1. Quick check on the range B:153-164: of everything there that is facing chain A (nearest Cβ under 8 Å) and either under 14 Å from the mean Cα position of the chain (by Cα) or not in a helix (DSSP H, G or I) (or both), which residue is surrounded by the fewest Cβ atoms within 10 Å (Cβ to Cβ)?
2. Can you name every residue in the range A:117-136 that is away from chain B (no Cβ under 13 Å), more than 20 Å from the chain's Cα centre (by Cα) and surrounded by 15 or more Cβ atoms within 10 Å (Cβ to Cβ)?
3. Can you work out which of the residues in the range B:99-115 that are within 14 Å of another protein chain (Cβ to nearest Cβ) and out of contact with any helix residue (DSSP H, G or I) (no Cβ under 8 Å at 6 or more places or on another chain) is nearest to residue B:212 (Cα to Cα)?
4. Just give me the residues in the range A:165-176 being away from chain B (no Cβ under 13 Å) and surrounded by fewer than 21 Cβ atoms within 10 Å (Cβ to Cβ), in sequence order.
5. Can you name every residue in the range A:21-35 that is part of a loop (DSSP other than H, G, I, E, B) and either under 18 Å from the mean Cα position of the chain (by Cα) or free of Cβ contacts under 8 Å to residues at least 40 places away in the same chain (or both)?
6. Can you name every residue in the range B:217-237 that is touching a strand residue (DSSP E or B) at 6+ places or on another chain (Cβ under 7 Å) and either within 24 Å of residue B:68 (Cβ to Cβ) or not in a loop (DSSP other than H, G, I, E, B) (or both)?
7. Taking the options A:214, A:189, name whichever one is more than 14 Å from chain B (Cβ to nearest Cβ), touching a strand residue (DSSP E or B) at 6+ places or on another chain (Cβ under 8 Å), surrounded by 20 or more Cβ atoms within 10 Å (Cβ to Cβ) and under 22 Å from residue B:127 (Cβ atoms).
8. Sort out which residues of the range A:177-201 are closer than 14 Å to residue A:148 by Cα and in contact with a helix residue (DSSP H, G or I) (Cβ under 7 Å, 6 or more places away or on another chain), and write them in order of number.
């Protein structure tokens, strides 16, 4: 395993982790101040700062990117289908402009939640078909832009409203069908979404063999979890066996950043420097 | 598919559905009044009424049982190992005394949550080993008592604190290892826990082939879900494609009861007759 005890040269911070405390330019400055090597910014934060200005600020601060968040939310009906497609193409273009190594995709759940206004449905099998068709179409655009996509399986508790792609095996099956032998469609492995999976270690090994391990996200699972969306734990504060999962990911050939992504009302209420210092400390000690 | 439009002769109500409104004897009486065919009672409710008295009341009311809730919570350390084992044997004996067709098992998660006081651990792989060893031991006792066990996979959001058995495939693998070719270890399929699973239909078909479909539970998944434990939806009020899942279960050979099991602060605040009448109506119209 890689030694994380020294400078946080492999640490990336997903900018949603401190999205309530500051805008993107301030986050960039703060991450640089803490010696953090990279960030993964969100589209709304980039848009608020301006795409060009955001790109310059990241470069000037000497930060790298571990990803760009996010495209996807594919299931849709009626006029929302074309809107989703166009929106996702723009996301690819923005990621390419910023020089991001990948666009993170969150698949979307049932169409009425993925693209509000779409026809309500209970057909999760149909939603999965829409996801696969939509990603197939987006892949053509992403290949032209030379920009890998990284589909992130989300925890099954988000199957209805956020992502009907819920396991690593499911993601890798999709990638195999749409991008056989290729590296245009990778996977982002987030411990929060995948730690429970009895097939996690088999999935990580397969993702490594298939050269699809594009991004690795850490945080923690708290017991109890008081909110399904915004009660993630700071890395090390929960029950996830982080060292064992990172070992598997690195044994499978992953050499990229360790990205801290924590959606948490608690951590959003803390000063930005405290949050980032804690991310750095946990990166050194528990990841 | 079976016709559920007439009398609720295939409807069972899990007594936790109305546990805040009444004790077991009153629940038995109310279910009989609504023409409900069966119940699945909980140990604490039976204990409060007295085992013999509960058994007599169920029989006198003309109700059948679809199961007995519940054993399991296996992972433990130190003196809690023997306590868990003894507790589970008593659960088997009680189920046999009542004439229940099976004892429902919820596997348990990490030992500090399954059996409080046990040594804290983040080792979910180790917890799964404890579960399999514990069920293997309990099976010997259950076979002597001629009482099938029904292991119920729980939703992955309960992996840490309630059950580290989270998919049908995982359950069936365990059953195959511990009860190859047998029918001593079956499975309870609950739509709430399994609806998201991309391998659900394959798992149901396999469970049918292996003659392990012992119990079938319905309720619904609400969006948003405001509480991870007590915000299940009344059957038909959420996003689960109920008809499609029941069709798969029945095509796989299931001929047992449709058991309504709804943990819900909302439905616990309603009069018992309103809840039971709604269970009957939804059984007729949306299951």
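1. Within the range B:153-164, the first condition is being facing chain A (nearest Cβ under 8 Å), and the residues that meet it are B:155-157, B:159-161, B:164.
Next, from what is left, pick out any that are either under 14 Å from the mean Cα position of the chain (by Cα) or not in a helix (DSSP H, G or I) (or both): B:155, B:159-161, B:164.
Values: B:155: 24, B:159: 27, B:160: 26, B:161: 21, B:164: 30.
Here the answer is B:161.
2. A:118, A:130
3. Looking only at the range B:99-115, we keep the residues that are within 14 Å of another protein chain (Cβ to nearest Cβ), and these are B:107-114.
Of the ones still in play, those that are also out of contact with any helix residue (DSSP H, G or I) (no Cβ under 8 Å at 6 or more places or on another chain) are B:112-113.
On the way: B:112: 30, B:113: 28 Å.
Among them, the one singled out is B:113.
4. A:176
5. Filtering the range A:21-35 for residues part of a loop (DSSP other than H, G, I, E, B) gives A:21-23, A:34-35.
Answer for the range A:21-35, where residues must be part of a loop (DSSP other than H, G, I, E, B) and either under 18 Å from the mean Cα position of the chain (by Cα) or free of Cβ contacts under 8 Å to residues at least 40 places away in the same chain (or both): just A:23.
6. Result: B:217, B:218, B:219, B:220, B:230, B:231, B:232, B:233, B:234, B:235.
7. It is A:189.
8. A:178, A:179, A:184, A:185, A:187
The values are calculated or read from the model by the stated rules, or taken from the named source; none is laboratory data. The model shown is predicted, which means the values in this text are computed figures rather than measured ones. Positions of Cβ are backbone-derived with ideal geometry, glycine not excepted, and every protein chain shown enters the neighbour counts.
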